[in-house]
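Taken together, the values in this text are just the output of simple stated rules run on the coordinates, not laboratory data. Since we're looking at a predicted model, the values are computed, not measured. Cβ: placed from backbone, ideal geometry, glycine included. Neighbour counts: every protein chain shown.
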Amino acid sequence: MDRYRRSTVGPLSFLWIALLAAPAWSAVGVEAYGRLPSIEQVAISPDGTKIAFVQTTEDLRALAIFDVNEDKLLGAMRLGDTRLRSVQWADDEHLLLTTASNSMPMDLMGEKHEWHLMSVYNVKTKRLNSLLNRVSGDTNTMNTVYGEPVVVHKGNDTLLYLHGLYVSDKTEAALFRVNLTTGTEMLIKEGTDKTDGWLVDDNGQIVAEQDYTERDRLWAIRLFRDGRPQQAISGVAPIDAPSILGLSDSGDAIIVALTEAEGASWKPLMLKDGSWGPEIAANEALTGVLTKSGSARIIGTAFVGDEVRYHFTSPALQDSWKWIVATLGYQRVVFVSASADYSRIIVQVLGPKSGYCYYLADVKEHLTREIGKVYRGVAQVAQVRPIKYAGADGLEIPGYLTLPPDRPAKNLPLIVFPHGGPEARDILDFDWWAQAMAAQGYAVLQPNYRGSDLNRKWVEAGFNEWGRKMQTDLSDGVNYLAAQEIVDAKRVCIVGASYGGYAALAGVALQKGIYRCAVAVSGVSDPSSFMLWVMRKEAYGQKIGQRYWERFLGVADPSDKKLDDVSPLRHADQITVPLMLIHGRDDVTVPYDQSTNLVKALKRLRKPAEFVTLDKEDHYLSSSATRLRMLQSSVEFLRKNNPPD
C-alpha cells in the first residue's frame with residue numbers, strides 16, 4: 001500500500017503568492033478561461049530541486065523559479081508583453097527562454113515572419129542575456145534560432161548547440177556553440193541554401209545533416225563518419241520529406257520519420273553503416289517523441305488521441321510512469337518535464353478528481369504533490385465525449401462533444417467549433433475556448449473533419465475539399481446531433497480561428513440555413529489573395545508552403561476561377577446572418593486584410609458585420625488582455641444572437 005500513497009501536502013505555496021506586487025485577482029465568467037493560463041511552461045531543473053514556471057495574474061505575467069526542497073521562491077521576472085514560446089533548463093543554474101518577434105532582424109526586407117530568439121537567465125545572478133549577439137569572428141549573424149537546442153556538459157562548462165542564421169549574399173543556416181559558463185559564442189558549421197539542419201550528439205559531435213533542394217525537390221540525409229558527411233538516403237518529395245526526430249536512446253542510430261502511402265512510419269537509421277533497423281511501434285498512431293532534457297536522445301514515444309499513452313525505452317521509467325498514472329487515479333496524465341535521473345517528474349492531469357492541474361511526482365519517495373490549477377478560477381471542467389457520425393458520402397467522421405455542466409444533454413444550443421490547420425487535429429483534452437463556451441450553456445462540437453492530421457490517408461482525403469466536403473463534414477455533425485435530440489437544430493452557430501475561421505465564414509457564405517450566426521477569428525476570407533500572399537512570402541526561398549495550399553485548394557494558380565467557388569469574400573452577398581470578425585493586427589500567418597477586405601465588401605453591400613481589431617496581437621492570441629477581449633467579444637455576440645437560455 002505504501003507504493004501507492006499520495007502526499008497530503010496541499011498545492012505548492014508559491015503559486016498563490018502575488019508575484020511582484022500583483023493585484024488581488026478573482027476570476028468571474030469567461031475571465032477564468034480568457035486570460036492566458038494561470039500556470040504554464042512548467043519545467044524542473046536537472047537536479048530536481050527547482051521548478052521554473054510562468055504565472056499570469058490578470059495582465060501581470062511573470063517567470064518564477066521555486067525551490068522545491070525549501071518551499072520558497074528564488075526569484076521572479078516580469079515578462080510584460082513578451083511572447084514567450086518555451087522555457088527549459090540548460091543546467092541547474094541556467095534557464096533558456098525562447099521568445100517570438102515579428103520585427104525583421106538586421107533591417108531585412110520582405111513579408112513579415114515570426115522569428116524566434118533565445119535568451120539565458122542565470123538563476124544565481126538573476127541576469128538575462130540574449131544569445132547569438134556576440135559570435136566571434138567576422139560572421140554577420142542573425143540573433144534568431146530554430147529547432148531544439150542540445151546541451152553538452154564538458155568539465156565545468158555547459159555548452160549549448162543552436163541552429164541559427166547568418167547572412168552572406170543570402171540568409172543561410174548555421175550551427176552555433178554557446179558556452180554558457182564563459183559566455184563565448186562561435187559559429188561551428190555553415191550551411192547552404194539547401195541545408196535544413198544538423199543533429200548533434202551528447203558529445204557535441206555532428207552525427208547527421210539534412211538537406212532539401214527547392215529546384216529539384218530533392219531531399220537527402222547524410223551521416224557523419226570521421227567528421228565528414230556521407231550520403232545515406234535521398235529521394236524526391238514536393239512537401240513531405242523525411243525528417244530526423246533525434247538519436248535513439250542507445251545513441252547508435254538516428255530516428256527518421258517517413259511519410260509513405262499507408263501513413264507515417266518511424267525507423268532507426270544505423271550510424272555505423274546507414275542500414276535501416278526495424279520500424280518503431282509499427283501500426284501505432286504515433287504523435288510525438290519525448291527527448292531527454294537538453295539532449296537529442298529519444299526516451300519514449302507518445303500516443304495522444306482519445307487516450308494518452310507513452311512507451312518509454314527504459315523499463316524502469318515505464319514502471320515509474322505506470323505508478324504515476326495509477327496514483328493519480330487513471331485520469332488523463334501528460335508528461336511535461338523530468339529531472340535528469342527521472343526521480344521527479346512534472347505531469348499535467350485532467351479528470352474528475354483533479355480538474356485540470358500540474359502535479360509533481362516524486363518517484364523515489366512515492367509521493368505526488370499538486371503544483372496548482374492550470375486555470376485558476378475554473379471550478380468545474382465540462383464533460384468531453386468522443387463521438388463519430390457519418391458524413392454525406394458515408395465517411396465516418398470522428399470528433400468531440402463538450403457538454404455544458406449541470407444541464408441534461410437534450411435540445412441544447414450548439415456551437416460548431418472546427419480546429420485550425422487544417423492539417424491539425426482536436427484531441428480529448430481541456431480546450432479553454434470550448435470549455436468557456438460550454439460554461440455559458442452551449443454544447444460544443446469539435447469535428448476532426450477530413451484533412452485533419454489523424455493519419456496520412458485522412459489528411460489526403462481533404463485535398464481539393466476546401467469549402468466542399470471539409471465543410472459538409474461540419475454540418476453533417478449538426479444533423480447527427482439534432483437527430484439524436486442532443487441539440488436544437490434551430491440554435492446552431494459556428495466559431496473558428498485560422499482555417500476554422502475560414503470554415504466559419506464558409507458556413508454562412510457557402511451554406512444556407514444551418515447557422516444562425518458565425519464568429520471568425522484570423523480567418524481566410526479569400527483563398528485567391530491568400531495564395532498570392534503566401535507566394536510573395538516565399539518568393540526567395542523554398543516554396544513548400546505554397547505547394548501545401550495547392551494540395552488542399554486543388555489549384556496551382558491563384559487566379560484560377562475555381563477558387564471563387566470556395567471564397568466567402570466572393571460570396572459576401574450570400575451572408576444573411578449576424579457575423580463577427582476578429583483579427584490581430586500583427587498576424588503574420590493569415591494577413592490582417594483577409595478580415596478587413598471582407599468587412600469592406602459587406603459594408604458596400606450594406607450588410608452589417610461586427611469587427612474587432614486586436615492591436616499588437618499575433619495569430620496565436622499570445623497576449624492575455626487581447627485573448628480575453630476576443631473571448632468576451634465572441635461570447636457576448638453568441639449570447640445575443642443565439643441565447644443559451
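What three numbers, in Å, describe the spread of the alpha carbons of segment 384-641 along their principal axes, ordered from the longest?
That works out to 55, 39, 34 Å along the principal axes.
What length, rounded to one decimal in nm, is gained on full extension from ARG639 through to LYS562, with 0.36 nm per residue of separation minus their alpha-carbon distance?
This chain segment gains 24.1 nm when fully extended.
Report, to two decimal places, the Cα Rg of the chain normalised by 2.2 N^0.38 Å (N = number of residues).
0.97
Using a Förster radius of 51 Å, what is the FRET efficiency between ASN179 and GLN383 based on their Cβ-Cβ separation? Nearest 0.05, please.
The computed FRET efficiency comes out at 0.50.
Give the peptides 53-64, 231-242, 346-357 in descending order of average Cβ contacts within 10 Å, highest first.
Put in order of decreasing packing, that is 53-64, 346-357, 231-242.
Show me the trypsin sites (Lys or Arg not before Pro) within segment 126-161 that DSSP assigns to loop and that have at most 15 other Cβ atoms within 10 Å of their Cβ.
Of the trypsin sites (Lys or Arg not before Pro), the ones in loops of segment 126-161 whose Cβ has at most 15 other Cβ atoms within 10 Å are LYS126, ARG134.
Around LEU36, which amide H atoms from residues at least 5 apart in sequence, or from another chain, sit under 5 Å from its own amide H, with H modelled in the peptide plane?
SER624
Less than 14 Å Cβ to Cβ from ASN122, Lys/Arg counted +1 and Asp/Glu -1: what total charge do the surrounding residues give?
With Lys, Arg at +1 and Asp, Glu at -1, the net is +1.
With a cap of 13 neighbouring Cβ atoms within 10 Å, and only residues DSSP puts in a loop, list the trypsin sites (Lys or Arg not before Pro) found in segment 484-560.
Passing sites in segment 484-560 are LYS512.
Could you give the size of the charge dipole of segment 436-486 about its Cα centre, using +1 on the Cβ of each K and R and -1 on the Cβ of each D and E, expressed in debye and rounded to the nearest 20?
Dipole about the Cα centre, nearest 20: 160 debye.
Would you please give the FRET efficiency between ASP252 and ASN411, computed as 1/(1 + (r/R0)^6) with r the Cβ-Cβ distance and R0 = 60 Å, to the nearest 0.05?
Computed FRET efficiency for ASP252 and ASN411: 0.50.
If the only charges are +1 at each Lys and Arg Cβ and -1 at each Asp and Glu Cβ, what is the size of the charge dipole of segment 553-627 around the Cα centre, to the nearest 20 debye?
380
Could you state the number of Å between the C-alpha centres of segment 146-198 and segment 328-376?
So the two Cα centres are separated by 34 Å.
With the dipole of segment 384-641 worked out from charges on the C-beta (+1 for Lys and Arg, -1 for Asp and Glu) around the Cα centre, which of SER475, LEU602, LEU614 lies farthest toward the positive end?
Towards the positive end, the residue furthest out is LEU602.
Measuring from label point to label point, each 7 Å out along Cα→Cβ, what is the THR613 to LYS353 span in nm?
5.1
Sorting LEU162, LEU428 on the 10 Å Cβ count, fewest up front, what's the list?
Starting with the residue having the fewest Cβ neighbours, the order is LEU428, LEU162.
Relative to the present Cα-Cα distance, how much length would full extension add between ILE188 and ALA483 at 0.36 nm per residue of separation?
Computed gain between ILE188 and ALA483 is 99.9 nm.
Which of the peptides 467-479, 383-395 is most tightly packed, and how do the rest follow, judged by the mean count of other Cβ atoms within 10 Å per residue?
Output ranking for 467-479, 383-395: 467-479, 383-395.
Quick one: grab the alpha carbon gyration tensor of segment 348-428, order the square roots of its eigenvalues as a ≥ b ≥ c, and give me rounded if a/c is under 1.5, else prolate or oblate depending on whether a/b is larger than b/c.
Prolate, since a/c reaches 1.5 and a/b exceeds b/c.
Per residue, what volume in Å³ does the convex hull of the Cα atoms of segment 273-375 enclose?
Convex hull of Cα atoms, per residue: 125 Å³.
Sorted by average packing, counted as other Cβ atoms within 10 angstrom per residue and highest first, what order do 332-339, 177-184 take?
Ranked from most to least packed, the peptides come out as 332-339, 177-184.
Assign unit charges at the C-beta atoms only (+1 for Lys and Arg, -1 for Asp and Glu), then state the dipole size of segment 384-641 relative to its Cα centre in Debye, rounded to the nearest 20.
560
Positive end of the charge dipole of segment 284-412 (Lys, Arg +1 and Asp, Glu -1 on Cβ, about the Cα centre): tell me which of LEU350, VAL304, VAL374 has its Cα farthest that way.
Positive-most Cα among the choices belongs to VAL374.
Can you find, among PRO578, PRO278, SER522, the residue sitting farthest towards the positive end of the charge dipole of the chain, where Lys and Arg contribute +1 and Asp and Glu -1 at Cβ?
PRO578
For segment 398-455, go through all pairs of different Cα atoms, get the mean of 1/r, take its inverse, and jot down that Kirkwood value in Å.
Evaluated over segment 398-455, this radius sits at 11.8 Å.
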